[in-house]
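The values are calculated or read from the model by the stated rules, or taken from the named source; none is laboratory data. Keep in mind it's a predicted model, so treat the numbers as computed, not measured. So basically every Cβ, Gly included, is an ideal-geometry build from the backbone, and we count neighbours across all protein chains shown. We work out accessible area using only protein heavy atoms, side chains counted, and drop any ligands, DNA or RNA first. Shrake-Rupley method; radii C 1.70, N 1.55, O 1.52, S 1.80 Å.
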Amino acid sequence: MIWKSANNTANGPGAFLHHEIPGLIVRKIVEPVTEEQDAFLKLFDWKAIDAKVRAEQAWLLYQSGGIISFNVVLGLITVLELKTAYPAWILFSWLGALCLVVAVRLIDRKMFLSKDLAEEPTERWFRRFTLGCGVTGCLWGGLASSVAFSSRDSLDLVFVTLVLGGITAAGVIQRSTYLPAFYAFTGPAIIPLAISLFVLESPIFICMGSAIGAFAIVMAMVGRHSHRWFIRSLRLKVEQGVLAADLQCKVAENEVINSELKQSETRFRTIFNSVSDAILVCDIGTLGIVSGNKRVHDLFGYTTQEVVGLKLDHLSAENRSCFRDNLLDRVEGARQGVQQSFEWQTRTKQGHVLWVDVSFRPAAFGGDHFLLATFHDISKRKQAEAELVRMARVDSLTQLANRGPFIESLKAEIARARGSKAGFAVLYLDLDHFKDINDTLGHPTGDRLLQIVADRLRNSTRPEDTVARFGGDEFAVLAPRIVKPADAGALADRLLEAIGRPFAIERNSFYIGASIGIAVHLDDIPEPEAILSHADVALYRAKADGRHCYCFFTDAMEQEVRCHFTLIAELREAISANQLFLRYQPQIEIETGRVVGVEALMRWQHPKKGELAPGVFLPAAEETGLIFTLNQWMLLQTCQQLKRWREKGASLSRVAINLSPSQFKGSTDLERDLDLALKQYGLTPDSLELELAETTLMQISAESRSLLQRLRARGIKVAIDDFGTGYSSLLYLRRFPVDRIKLAQDFVADLVIDHNAAAIVRASIGLAGVLGLAVIAEGVETAEQARLLKEWGCPEAQGYYFAKPMLAEEISSCLQSGRLSGAAGTGDDSQQRDDPSSLYEQA
């Protein structure tokens with residue numbers, strides 16, 4: 001601290017500090033001061049002031065880098081002038097030395113300007129600057145004396161003399177800030193030249209030396225005068241800065257406040273009217289307003305004259321009689337010396353309601369006691385708080401209620417319904433294939449779609465219904481006073497119809513449906529979360545039933561969902577417990593009965609239910625993402641088994657494996673798994689044939705089509721499974737790269753008894769031949785089917801007529817011989833289907 005004592009006072013002392021102290025310091029210099037004033041000046045810490053003056057002096061020395069850099073410019077001009085009369089290497093060596101010194105000084109200047117002078121000793125920088133000036137002066141003095149002794153042209157000497165005089169005069173203001181630096185440059189720069197000129201003993205040179213000597217004396221006088229002026233100015237600047245910085249800390253006596261009462265009154269009024277808060281001075285007994293500042297008009301609309309005489313409770317927007325009792329309690333607390341702060345809803349002269357933060361405190365003026373009331377406008381803060389509360393309860397995108405207020409409304413409806421005969425319904429909605437909209441048209445379009453859906457839901461429900469968005473594309477509707485389930489069904493129909501209308505967003509026109517689960521409660525009413533769970537279960541069934549429909553919750557449905565989740569949990573355990581295994585169904589060349597391939601089929605050996613077909617558990621694997629783990633395991637198991645068969649002499653050319661749509665969404669993972677399996681067991685890519693159902697092809701994108709092309713280019717075979725069941729097979733044959741088509745067993749099973757099925761099979765075989773595609777029939781169960789397929793040109797088949805899916809050990813002997821004993825019509829027609837489904841077919 002610059003002050004040795006401090007007492008922050010807002011009234012009289014502050015004015016004394018502001019107006020009197022600078023004058024005292026000046027009068028201390030030019031005229032005697034009173035004892036009281038002299039005692040006041042002794043409060044200054046003059047050592048600190050001297051230190052700051054010294055720091056300012058150093059800052060001025062290093063402030064101008066242009067004067068330092070000017071040496072290089074003049075040096076270059078001098079060298080160019082003298083290069084015809086003196087050796088160039090000497091001149092440029094001198095110029096290089098000068099540039100080096102200037103560069104060092106500029107770097108030193110940069111270091112100085114980056115330092116904190118409060119932590120860096122000032123004297124060090126004075127010495128460094130003086131040294132730089134001395135070295136620079138020596139270089140110039142050395143050059144000038146050398147020219148004087150060796151000059152063959154007096155004009156060169158005159159030129160150097162003028163340059164030296166110019167650079168000395170140019171830097172006198174900067175260097176005279178610190179006299180040692182001034183002398184360090186001026187002495188080495190000018191004195192050698194003056195001596196050299198006297199030594200030459202020529203009259204003209206003696207005159208020049210005398211002139212230079214006189215110039216040096218004048219520069220010294222100017223430097224000393226400038227130095228004294230700088231020091232005086234710096235001291236005055238620092239002292240004024242000290243006063244300005246510590247103005248509020250000066251201690252002043254209470255007698256000064258009393259002696260300058262009128263000035264304090266004016267100052268108080270100025271501050272009173274300049275603060276940003278409204279201030280009212282009230283009679284502490286009657287609460288009548290006796291004065292107010294200008295901010296009162298801005299906040300409440302009353303002029304200074306209008307507000308005087310009003311009672312404080314006149315500003316209240318609340319019931320004045322009720323508020324007055326509370327106000328008196330606050331005033332009584334202020335009278336006891338305890339500051340009272342509270343929020344108050346006030347009313348302006350124009351009738352607008354404002355929220356203000358009020359502070360009461362007692363005040364005394366001229367011996368009278370008053371209540372000082374300060375008002376700070378907090379209306380914006382209150383609005384922001386209200387908005388935060390609203391945002392916590394409202395979905396920001398759709399402006400619908402979120403889960404919190406929906407649950408509150410549901411609890412209130414439960415309480416009401418338990419006391420009346422009317423029930424209520426909760427409808428849980430989920431948009432069908434909403435993710436596809438986000439993926440194809442972008443999230444902005446998806447957000448706009450959700451907003452339009454929210455508007456349609458609002459317009460399709462009753463005023464008393466509660467519509468909420470739970471997140472993503474999930475919505476919920478609470479419909480009170482439902483007398484019978486049909487009322488809830490009618491509401492669901494309206495919602496489906498509203499959402500089913502076309503959407504037009506940014507030049508995109510499309511349709512999107514919704515699935516709705518309904519939980520109606522008329523008698524037995526559970527807790528809110530249980531009701532939502534019931535609606536969610538019903539929604540799950542609506543999706544399973546084909547979407548764009550609604551389902552009511554039933555107890556049986558809940559049991560089914562529990563079984564479903566139990567199945568998922570057991571499947572996870574089955575993977576870790578190695579309960580999954582593979583069966584292989586041979587693929588036969590009909591003409592010869594030769595085994596040309598096998599299809600790998602997954603099974604689950606359930607510890608309680610026995611062997612389960614894939615149609616029982618693979619839909620759950622698709623839903624939970626376990627399908628990727630199962631696919632990776634199946635690839636490795638199949639490749640490992642194929643390698644074993646070949647090591648035992650089997651000439652098996654391929655193994656067929658089925659794939660699902662979800663595996664194509666992670667195309668990188670599929671390629672990685674294929675590469676890993678083939679590389680680990682040393683198999684060529686053509687050892688595998690990937691089967692994709694037509695329904696799978698309907699769901700894959702252009703990126704997945706590119707994946708198929710890459711796989712085929714590497715030699716992996718691709719087949720369309722269940723050919724003919726997707727209703728657009730010809731389109732897929734044109735769009736997708738495939739090697740083989742598998743005739744759907746639905747058509748093969750009926751080709752003997754159904755002419756249409758026979759026609760489709762014959763046409764498909766012919767089409768494959770024209771397109772150069774291999775063809776195989778699946779689901780062959782009778783000799784007649786096998787005979788007709790052979791006659792129509794289908795070379796290969798698989799089915800129970802030939803062999804059912806077998807374990808690897810059971811089929812090994814057949815693969816080694818290359819033939820099945822039941823091939824070509826020797827199978828058992830009466831054999832019942834175990835499960836001819838492929839990996840991803842329903843059982």
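Just need a number here: residues in segment 197-215 that are in contact (Cβ under 8 Å) with a residue 40 or more places away in the chain and either outside any helix (DSSP H, G or I) or closer than 20 Å to residue 169 by Cβ (or both).
Going through segment 197-215 one residue at a time, the tally reaches 5.
Of all residues being in contact (Cβ under 8 Å) with a residue 60 or more places away in the chain and in contact with a Ser or Thr (Cβ under 7 Å, 6 or more places away or on another chain) in segment 465-478, which is surrounded by the most Cβ atoms within 10 Å (Cβ to Cβ)? Just the residue, please.
Ranking the candidates gives 469 first.
Taking the criterion of being out of contact with any Phe, Trp or Tyr (no Cβ under 6 Å at 6 or more places or on another chain), open to solvent by less than 30 Å² (accessible area, probe 1.4 Å) and modelled with pLDDT under 90, would at least one residue in segment 543-558 satisfy it?
Within segment 543-558 (the criterion being out of contact with any Phe, Trp or Tyr (no Cβ under 6 Å at 6 or more places or on another chain), open to solvent by less than 30 Å² (accessible area, probe 1.4 Å) and modelled with pLDDT under 90), the answer is yes, since at least one residue qualifies.
What are the residues in segment 44-73 that are buried (at least 19 other Cβ atoms within 10 Å of the Cβ) and among the hydroxyl-bearing types (Ser, Thr, Tyr), if any?
62
Cβ-Cβ under 8 Å, sequence separation 6+ or interchain: first residue in segment 523-551 and closer than 19 Å to residue 563 by Cα and in a helix (DSSP H, G or I), partner open to solvent by 30 Å² or more (accessible area, probe 1.4 Å) and among the aromatic types (Phe, Trp, Tyr). Which pairs?
Every condition considered, the pairs that remain are 534/553; 535/553; 537/553; 538/550; 538/552; 538/553; 542/550.
Does residue 492 qualify as being assigned to a strand (DSSP E or B) and modelled with pLDDT of 90 or more?
Spelling it out, it is not the case that residue 492 is assigned to a strand (DSSP E or B) and modelled with pLDDT of 90 or more.
Please go through segment 443-454 and give me each residue that is open to solvent by 20 Å² or more (accessible area, probe 1.4 Å) and not acidic (Asp, Glu), ordered by number.
Those that are open to solvent by 20 Å² or more (accessible area, probe 1.4 Å) and not acidic (Asp, Glu): 443, 444, 448, 451, 452.
Has segment 510-525 got at least one residue that is under 27 Å from residue 555 (Cα atoms) and loosely packed, with under 13 Cβ neighbours inside 10 Å? Before you say what the answer is, go through the steps one by one.
Within segment 510-525, the first condition is being under 27 Å from residue 555 (Cα atoms), and the residues that meet it are 513-525.
Next cut, loosely packed, with under 13 Cβ neighbours inside 10 Å only: 523-524.
Scanning segment 510-525, I find at least one residue that is under 27 Å from residue 555 (Cα atoms) and loosely packed, with under 13 Cβ neighbours inside 10 Å, so the answer is yes.
Residues in segment 617-624: is at least one hydroxyl-bearing (Ser, Thr, Tyr) and closer than 23 Å to residue 798 by Cβ? Show your work before the answer.
First pass over segment 617-624, keeping only residues hydroxyl-bearing (Ser, Thr, Tyr): 624.
Those left that are additionally closer than 23 Å to residue 798 by Cβ: none.
Checking segment 617-624: not a single residue is hydroxyl-bearing (Ser, Thr, Tyr) and closer than 23 Å to residue 798 by Cβ.
Can you list residue pairs whose Cβ atoms sit under 7 Å apart, with the first residue in segment 428-453 being assigned to a helix (DSSP H, G or I) and the second being polar (S, T, N, Q) and modelled with pLDDT under 90? Count only pairs 6 or more apart in sequence or on different chains.
Every condition considered, the pairs that remain are 441/508; 445/508; 446/438.
Name, by its number, the condition in (1) part of a loop (DSSP other than H, G, I, E, B); (2) of a type in the set (Asp, Glu); (3) within 39 Å of the chain's Cα centre (by Cα) that does not hold for residue 591.
Of everything listed in (1) part of a loop (DSSP other than H, G, I, E, B); (2) of a type in the set (Asp, Glu); (3) within 39 Å of the chain's Cα centre (by Cα), residue 591 misses just condition (3).
Out of curiosity, is residue 84 assigned to a helix (DSSP H, G or I), of a type in the set (S, T, N, Q) and either over 21 Å from residue 165 (Cβ atoms) or in contact (Cβ under 8 Å) with a residue 12 or more places away in the chain (or both)?
no
Results for (1) of a type in the set (A, V, I, L, M); (2) open to solvent by less than 30 Å² (accessible area, probe 1.4 Å), shown as yes or no for each residue.
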site	(1), (2)
75	no, yes
84	no, no
91	yes, yes
98	yes, yes
106	yes, no
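List every residue pair whose Cβ atoms lie under 6 Å apart, where the two residues are 6 or more positions apart in sequence or sit on different chains, the first residue falls within segment 505-516 and is farther than 12 Å from residue 437 by Cβ and among the small types (Gly, Ala, Ser), and the second residue, located anywhere, is modelled with pLDDT of 90 or more and surrounded by fewer than 11 Cβ atoms within 10 Å (Cβ to Cβ).
509/502
With the checklist (1) touching an Asp or Glu at 6+ places or on another chain (Cβ under 6 Å); (2) under 30 Å from residue 497 (Cβ atoms) in hand, flag the one item residue 543 doesn't pass.
Answer for residue 543: the failing condition is (1).
I'd like the full set of residues that are touching a strand residue (DSSP E or B) at 6+ places or on another chain (Cβ under 7 Å) and either small (Gly, Ala, Ser) or modelled with pLDDT of 90 or more (or both), limited to segment 378-393.
The one that is touching a strand residue (DSSP E or B) at 6+ places or on another chain (Cβ under 7 Å) and either small (Gly, Ala, Ser) or modelled with pLDDT of 90 or more (or both): 379.
Kindly establish whether residue 608 is open to solvent by 50 Å² or more (accessible area, probe 1.4 Å) and either part of a helix (DSSP H, G or I) or of a type in the set (A, V, I, L, M, F, W, C) (or both).
No.
Filter segment 381-427 for residues that are surrounded by 13 or more Cβ atoms within 10 Å (Cβ to Cβ), free of Cβ contacts under 8 Å to residues at least 60 places away in the same chain and within 25 Å of residue 516 (Cβ to Cβ) and give the result.
Answer for segment 381-427, where residues must be surrounded by 13 or more Cβ atoms within 10 Å (Cβ to Cβ), free of Cβ contacts under 8 Å to residues at least 60 places away in the same chain and within 25 Å of residue 516 (Cβ to Cβ): 393, 394, 399, 408, 412.
Looking for something open to solvent by 70 Å² or more (accessible area, probe 1.4 Å), assigned to a helix (DSSP H, G or I), in contact (Cβ under 8 Å) with a residue 60 or more places away in the chain and under 22 Å from residue 208 (Cβ atoms) - is there at least one such residue anywhere in segment 126-145?
no
Are any of the residues in segment 663-682 modelled with pLDDT under 90, within 20 Å of residue 760 (Cβ to Cβ) and outside any loop (DSSP other than H, G, I, E, B)?
Checking segment 663-682: not a single residue is modelled with pLDDT under 90, within 20 Å of residue 760 (Cβ to Cβ) and outside any loop (DSSP other than H, G, I, E, B).
Of the conditions (1) surrounded by fewer than 21 Cβ atoms within 10 Å (Cβ to Cβ); (2) in contact (Cβ under 8 Å) with a residue 40 or more places away in the chain, residue 647 fails just one. Which one is it?
Going through the list (1) surrounded by fewer than 21 Cβ atoms within 10 Å (Cβ to Cβ); (2) in contact (Cβ under 8 Å) with a residue 40 or more places away in the chain, residue 647 breaks only (2).
Mind telling me which of the residues 481, 462 ends up being open to solvent by 70 Å² or more (accessible area, probe 1.4 Å), within 27 Å of residue 533 (Cβ to Cβ), outside any helix (DSSP H, G or I) and touching a Phe, Trp or Tyr at 6+ places or on another chain (Cβ under 8 Å)?
Numbers: 462 fails: touching a Phe, Trp or Tyr at 6+ places or on another chain (Cβ under 8 Å).
Step by step, each of 481, 462 is checked, and only 481 is open to solvent by 70 Å² or more (accessible area, probe 1.4 Å), within 27 Å of residue 533 (Cβ to Cβ), outside any helix (DSSP H, G or I) and touching a Phe, Trp or Tyr at 6+ places or on another chain (Cβ under 8 Å).
Check 738, 780, 761, 752 and return the single one that is crowded, with 17+ Cβ neighbours inside 10 Å, assigned to a loop (DSSP other than H, G, I, E, B) and in contact with a helix residue (DSSP H, G or I) (Cβ under 7 Å, 6 or more places away or on another chain).
780
Which of (1) in contact with a Lys or Arg (Cβ under 7 Å, 6 or more places away or on another chain); (2) within 18 Å of residue 760 (Cβ to Cβ) is the odd one out, the single condition residue 806 does not satisfy?
If we test residue 806 against (1) in contact with a Lys or Arg (Cβ under 7 Å, 6 or more places away or on another chain); (2) within 18 Å of residue 760 (Cβ to Cβ), just (2) comes out false.
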